[in-house]
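First the structure, in the form of structure tokens, and then the observations on it.
The values are calculated or read from the model by the stated rules, or taken from the named source; none is laboratory data. Everything numeric here is computed off the predicted structure, so don't read it as measured data. Reconstructed Cβ throughout: ideal geometry from the backbone, glycine too, with neighbour counts over all protein chains shown. When the accessible area is computed, the model is the full protein with side chains, heavy atoms only, and any ligands, DNA or RNA have been set aside. Shrake-Rupley method; radii C 1.70, N 1.55, O 1.52, S 1.80 Å.
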Amino acid sequence: MKKEKIYSLFYIVPIIAVTLFLFIFPLIYSVYISFTNLSLLHFLRYNYVGLENYVIIFKYGYFFELLSNTLIWTIGSLVTMMALGFVLALILNQTDLKGRSVFYAILILPWAFPGFISILIWQGLWVDPYGMMNKLILPMLHLPKINSLTSTTDAWIELIVTNDWLSFPYFMTVFYSALQSIPRELYDIADLDGANAFTKFFTITLPSLKRTLAFVFITSFVFTWNNFYPIYILTGGGPGTSTETFIVYAYQEAFSYNNFSLAAAWSIISTIFVIILGIIVIKYTRILDSFA
């Protein structure tokens, strides 16, 4: 038995090695260099500077602006993506819907394209005044034009709408799969009892989706907080620094200004905030109680 247990441990050695190499080591190294003056100027001979980088962030950096921007980006994207995906999943789950497979295939098309290519296409669509969004689609809907170069509000609308397009197929697919797993008999019994659509939704559908909602919310919160490409490609953090998040600013510190230690400090602060906000969300929403 002891030999079997020892042999069984070898099966998890690869995943432990991968975790250590891809997650633990970069985190520890980032913490280490955040206490140094590592930069392009001091790339080979850098020194320990203690909390100097963190002092710079809170004293001279854009800490509160970046925190606000990151929260707007994360919450604004997450709420709209989950809502859109959930509504579409409910529509697809209707038993009398004809052409369900066709609609589903069309709706997951954004997921079929590489994200980077899709963002580049959306960048062209948003160009003012020649992009299709400003020249054709928004005027057709009697909506004002979007100009992310001059308006912070327009920049956020551009970013969140684009991110919704990129991400809603994932939420729709997860929610649709969860809805399909709910026993049809529960709805049949509710029909016999005379329950209306709202009653069935709040007494059968939502309680049955608690685990799915908890999983999707927590994982997507972390992913969206750290999502880098849409902001960097579409607005570059502009206008000014009005749409820069922790991750975008850290990237620019590292690869635009070659200040690797300060970039590491920003990334560590971002990680700490993700952990703190995650704990707060889990504690006060009791979102993990469904797994108990």
**Item:** Under 30 Å between alpha carbons - lysine pairs in the chain that sit 8 or more apart or on different chains
**Value:** 6
**Request:** Hey, for a label at Lys135 modelled as a point 7 Å past Cα toward Cβ, could you say which residues of segment 141-163 have their backbone N under 17 Å away?
**Result:** 141, 145-148
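Helix-only mean residue ellipticity at 222 nm, the chain, DSSP H runs n ≥ 4 weighted -39,500 (n - 2.57), per residue, nearest 500. What is it?
Details: 15 runs with 188 residues, N = 292.
Taken over the chain, the calculation gives -20000 deg cm²/dmol.
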**Prompt:** How long is segment 85-172 along each principal axis, judged by its Cα atoms, biggest number first, in Å?
**Reply:** 46, 29, 20
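Per residue, how much space in cubic angstrom lies within the convex hull of the C-alpha atoms of segment 137-292?
161 Å³
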**Request:** Report the accessible area of Asp128, computed with a 1.4 Å probe over the heavy atoms of all protein chains in place, in Å² rounded to the nearest 10.
**Result:** 60 Å²
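Just to make sure I understand: if all protein chains stay in place, what is the order of Arg184, Arg45 by accessible area at 1.4 Å, largest first? Walk me through the intermediate numbers first.
Details: Arg184 105, Arg45 200 Å².
Largest accessible area first, the list is Arg45, Arg184.
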**Message:** Taking the full set of protein chains and a 1.4 angstrom probe, give the accessible area of Leu138 in square angstrom, rounded to the nearest 10.
**Reply:** 20 Å²
**Message:** Restricted to Cα positions, what overall size does segment 9-121 have along the principal axes? Three whole-Å values, descending.
**Reply:** 68, 47, 27
**Complete:** Label model pair Ile75, Phe198: point-to-point distance (7 angstrom along the Cα→beta-carbon line) in nm is 2.7 nm
**Asked** Using the eigenvalues of the Cα gyration tensor, what equivalent ellipsoid semi-axes result for segment 170-248 when each is taken as the square root of five times the eigenvalue, whole Å, largest first?
**Response** 41, 12, 10
**Asked** With labels modelled as points extended 7 Å from the Cα through the Cβ direction, what inter-label distance (nm, one decimal) is found for Phe10 paired with Leu22?
**Response** 2.3 nm
**Request:** Distance between Cα centroids, segment 184-208 to segment 121-155: provide it in whole Å.
**Result:** 42 Å
**Message:** In 5 Å bins starting at zero, report the fraction of Cα pairs in segment 215-273 per bin as a rounded %.
**Reply:** 4, 20, 24, 25, 17, 6, 3, 0
**Asked** So how tilted is helix 210-225 from the main axis of the chain? Cα-based, degrees 0 to 90, rounded to 10.
**Response** 30 degrees
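I need the calculated FRET efficiency for the pair Thr152 and Asp96, taking r as the beta carbon distance and R₀ as 41 Å, to the nearest 0.05.
Details: r = 45 Å, r/R0 = 1.09.
My answer for the efficiency is 0.40.
Could you tell me how many cubic angstrom of Cα convex hull volume segment 6-67 has per residue?
Details: hull volume 9.3 nm³, N = 62.
For segment 6-67, the hull spanned by Cα atoms encloses 150 Å³ per residue.
Dividing the alpha-carbon radius of gyration of segment 143-197 by 2.2 N^0.38 Å (N being the number of residues), what value is obtained?
Details: Rg = 19.9 Å, N = 55, 2.2 N^0.38 = 10.1 Å.
Output field value: 1.97.
Estimate the FRET efficiency between Tyr46 and Ala83 by the formula 1/(1 + (r/R0)^6), using the beta-carbon distance for r and 45 Å for R0, to the nearest 0.05.
Numbers: r = 47 Å, r/R0 = 1.04.
Working from the Cβ atoms, E equals 0.45.
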